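Working notes, structure below.
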Amino acid sequence: MSAPQSLFEKIWSSHVIHDYGGGYALLHIDRDIMHDLIGEFVFKPLDEERRTMPHPELAFATMDHGIETTPGRGDETRIPGGEVGVRALRRKSKEHGVTLFDIGDVRQGIVHVVTPENGIALPGSTLVCCDSHTCTVGGVGALTWGIGASEFQHVLATQTLVMEKPRTMRVTFSGAVPEGVTPKDMILYVIGHVGAKAGNGFAIEYAGEAVRALPVEGRLTLCNMSIEMAARYGTVAADDVTFEYLHGREFAPKDALWDRAVEHWRTLPSDDGAQFDREVAIDAGAITPQVTWGTSPAHVAGIGERVPDPASAPDADVRASWVRALEYTGLTPGDALEGTAIDAAFIGSCTNSRLSDLRRAARVVKGGKVASSLRRAWVVPGSGQVKRDAEAEGLDRIFLDAGFEWREPGCSLCVSLGGDRFEPRERVLSTTNRNFENRQGPGARTHLASPETVAASALKGAIADSRKLGH
Amino acid sequence: MEKFTRLTGVAVPLMQPNIDTDAITPGRFLTMTMAAGKASFGASLFADWRFDSNDEPKPDFVLNDPAYDGAAILVAGDNFGCGSSREHAVWGLAAYGIRCVIAPSFGEIFYNNCFVNGLLPVSFAGEQVQAIADQLSAGTGGRSMTIDLEAQKITRPDGSELAFEIDAARREALLEGLDAIGMTLKLADEIAAFQAEDRERRPWIYL
């Protein structure tokens, strides 16, 4: 009998075409995904070097990063040059025979929302995209990771990539999360626990009862922020929940092929006794709704906690980073997070823009009004399909009646690409994944939280605990 | 790919940990210079740290210190280049003139992006990197360093040498300026054989 293997090990070894030694291997890439920001940069050199794409049928493209999310949008962007990327991706996708989810297509949306939603990302597969949050899609039991434009050209031209094998880490959540605690809180809690660089060099598998209990959308949220602890890969083993989610989706296998695929997928979860280079144990019952207070996702605390004092930092480097972070976010050590006044609220991004996210936010918002002190409150669904489904349930009315804007799908204010941005010193409660300095606009102060927390805070005009609103 | 063999130049310390690629190349520049090409990303390097809201240089940011004019080497804190996969961050460093970054560790995507752009990332233990940064800040030994990839060693501002580790294949690719795609295409038969076998095993993958 062979040694017990992890999910990661099984996927990795089944994709090795050539072993270079020294931990490097040539891997087969099953799916390569493009977006509007990168089409120009990957296709132009490819064409100039007269390379061909052997497998355009394994490539997909969508418009998400630079496009407008204003209702009635076209190709034009307020971002200088944004439409260049949009048109280049459209032209090149057509020339090379790549399936494109264009503006107006119900399948268009944030890349990491649309690849699971359309059955493009499958258990046991490898998938790459020029975006660090590609780790999101590991939530369906795949090995998926972000790469740069040059490496992406390599994939287009060869359907392979040279990769260094990472070490493995398993994060096990034992027990169940308390009521009102979401996948976003689970992952923020882990990052706060292990730090922003703990995952460097690792592929993470999330496991345990609290993960098994999550629907696929929640698993995607969990895997999404693996990169915020510097891990390129995050995975959750596929199970019946995953199969039910994928069944019938456009690019998922059908009929007899589906049955055969499921049979194979059932062999992929980590074997009992599989070894990991690092194990992290998390007591799910101890997790509370999380809110960041600084400029790294690791600068996070429970919503009922206070802004930490740099004097209590574990070492000088951390102390210096806390001091700098608090200077940027304009908070004072000892301040209660709850009750801190905010200027704007944003619900969206590859972390939290799926139907389940919008449903949970809408439950909090229903019947309430966005505080008059807020300058902006946006809801940006992750895809055309999410938007359509949400509207069929009347979620758009709930948000609009409360005073939120209900917009078209895209990455939007998760990253300030120049079109939309928050203003200097504006305090934003955001369901996104990065609270880096200047990320949502020069000087903008981002606090990361769950859709429920952002919704409750938008109504209150201050950081608020959704559990106290009686929903 | 651009070769990297040996480099002597001014080194600049920027020691805070977790410098993310949003800081290196802010998002709003990702499309602005798309048409102008990679070389134009030098102007936006560390834009929010280098310039104020009127586009005036901030005097307290180290790259605006005349002592580091023409810097070719960046000495940085832990987890440098974490965050977004944007290769624009490496293009920005390269266009500014940085050909080598020394740090205790790097964001993995950034690390790979360096090699494909002829930029050398070098790792040392945190205390060693801090000691180099301290020498640079003091400036007593000058601010020039030499990075010798062939010999796998650096010469610090005080003249002392320090050997570094690097994967042999990556080293060779940089020294020779090898074309990664061309190298892989030499394995076309192996790739085809893998796909033929894999198509039997996992036919649902091959659309």
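Could you please let me know if B:T140 is open to solvent by 30 Å² or more (accessible area, probe 1.4 Å), of a type in the set (V, I, T), away from chain A (no Cβ under 14 Å) and on the phi < 0 side of the Ramachandran plot? Taking the combined requirement at face value, the residue satisfies it. Residues in the stretch A:31-41 that are closer than 14 Å to A:R91 by Cβ and not hydrophobic (A, V, I, L, M, F, W, C) were compared, and the one that is nearest to the other protein chains (Cβ to nearest Cβ) is A:E40.
Looking only at residues of the stretch A:56-76 that are among the hydrophobic types (A, V, I, L, M, F, W, C) and assigned to a loop (DSSP other than H, G, I, E, B), we find that the one that is modelled with the highest pLDDT is A:M63. Looking across the stretch B:52-70 at every residue that is touching a residue at least 24 places away in the same chain (Cβ under 8 Å) and touching a Lys or Arg at 6+ places or on another chain (Cβ under 8 Å), the one that is surrounded by the fewest Cβ atoms within 10 Å (Cβ to Cβ) is identified as B:A67.
The strands (runs of 3 or more DSSP E) located wholly in the stretch A:349-449 that include 1 or more residues which are open to solvent by 10 Å² or more (accessible area, probe 1.4 Å), in contact with a His (Cβ under 9 Å, 6 or more places away or on another chain) and among the basic types (K, R) occupy A:427-430.
Taken over the stretch B:6-33, the criterion of being open to solvent by 10 Å² or more (accessible area, probe 1.4 Å), more than 8 Å from chain A (Cβ to nearest Cβ) and hydroxyl-bearing (S, T, Y) is satisfied by B:T8 alone.
Conditions tested, residue by residue: (1) of a type outside the set (S, T, Y); (2) within 12 Å of chain B (Cβ to nearest Cβ); (3) open to solvent by less than 60 Å² (accessible area, probe 1.4 Å).
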| position | (1), (2), (3) |
| --- | --- |
| A:Q5 | yes, no, no |
| A:L26 | yes, yes, yes |
| A:I29 | yes, yes, yes |
| A:K44 | yes, yes, no |
| A:T52 | no, yes, no |
| A:H55 | yes, yes, yes |
| A:D75 | yes, no, yes |
| A:V86 | yes, yes, yes |
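Only a single item in (1) outside any loop (DSSP other than H, G, I, E, B); (2) farther than 12 Å from B:R86 by Cβ is not met by B:Q16, and it is number (1). When B:S85 is tested against (1) within 11 Å of chain A (Cβ to nearest Cβ); (2) under 11 Å from the mean Cα position of the chain (by Cα); (3) buried (at least 22 other Cβ atoms within 10 Å of the Cβ); (4) of a type outside the set (A, V, I, L, M), exactly one condition is not met: (2). For the stretch A:174-195, enumerate the residues that are β-branched (V, I, T) and closer than 19 Å to A:S353 by Cβ. Result: A:T182, A:I187. Within the stretch B:152-177, if we keep just the residues that are surrounded by fewer than 14 Cβ atoms within 10 Å (Cβ to Cβ) and in contact (Cβ under 8 Å) with a residue 40 or more places away in the chain, the residue that is farthest from A:S150 (Cα to Cα) turns out to be B:E165. Taking B:V101, is it β-branched (V, I, T), open to solvent by less than 10 Å² (accessible area, probe 1.4 Å) and without any contact (Cβ under 8 Å) to a residue 60 or more places away in the chain? In short, yes. Which one is surrounded by the most Cβ atoms within 10 Å (Cβ to Cβ) among residues in the stretch A:133-174 that are more than 18 Å from A:L58 (Cα to Cα) and away from every other protein chain (no Cβ under 14 Å)? The residue in question is A:G139.
Examine the stretch A:208-216 for a residue that is over 21 Å from the mean Cα position of the chain (by Cα) and more than 10 Å from chain B (Cβ to nearest Cβ), and state whether such a residue exists.
yes
Can you name the condition, by its number, that B:A76 falls short on among (1) within 14 Å of chain A (Cβ to nearest Cβ); (2) open to solvent by 10 Å² or more (accessible area, probe 1.4 Å); (3) small (G, A, S)? Evaluating B:A76 over (1) within 14 Å of chain A (Cβ to nearest Cβ); (2) open to solvent by 10 Å² or more (accessible area, probe 1.4 Å); (3) small (G, A, S) leaves (2) as the failure. Before we move on, is A:A336 among the aliphatic types (A, V, I, L, M), open to solvent by 30 Å² or more (accessible area, probe 1.4 Å) and modelled with pLDDT of 95 or more? Spelling it out, A:A336 is indeed among the aliphatic types (A, V, I, L, M), open to solvent by 30 Å² or more (accessible area, probe 1.4 Å) and modelled with pLDDT of 95 or more.
Count, please, the residues in the stretch A:249-276 that happen to be open to solvent by 20 Å² or more (accessible area, probe 1.4 Å) and in contact (Cβ under 8 Å) with a residue 60 or more places away in the chain. The qualifying residues number 12.
Inspection of the stretch A:171-185 identifies at least one residue that is of a type outside the set (V, I, T), assigned to a loop (DSSP other than H, G, I, E, B), outside the structural domain of A:I33 (by TED's automatic domain parsing) and at positive phi. Picking from residues in the stretch A:414-437 that are charged (D, E, K, R) and within 9 Å of chain B (Cβ to nearest Cβ), the one that is farthest from A:H112 (Cα to Cα) is A:E437. The listed residues are A:A207, A:A231, A:A213, A:A203, and the only one of them that is open to solvent by 10 Å² or more (accessible area, probe 1.4 Å) and in contact with a strand residue (DSSP E or B) (Cβ under 7 Å, 6 or more places away or on another chain) turns out to be A:A207. When each of B:F51, B:F41 is tested for being within 18 Å of A:E437 (Cα to Cα) and within 14 Å of chain A (Cβ to nearest Cβ), the lone residue that passes is B:F51.
The values are calculated or read from the model by the stated rules, or taken from the named source; none is laboratory data. Small disclaimer: the values here were computed from a predicted structure and weren't measured. Cβ atoms come from the backbone with ideal geometry, glycine included; neighbour counts cover every protein chain shown. Remember, those area values only see protein heavy atoms, side chains included, never the ligands or the DNA or RNA. Shrake-Rupley method; radii C 1.70, N 1.55, O 1.52, S 1.80 Å.
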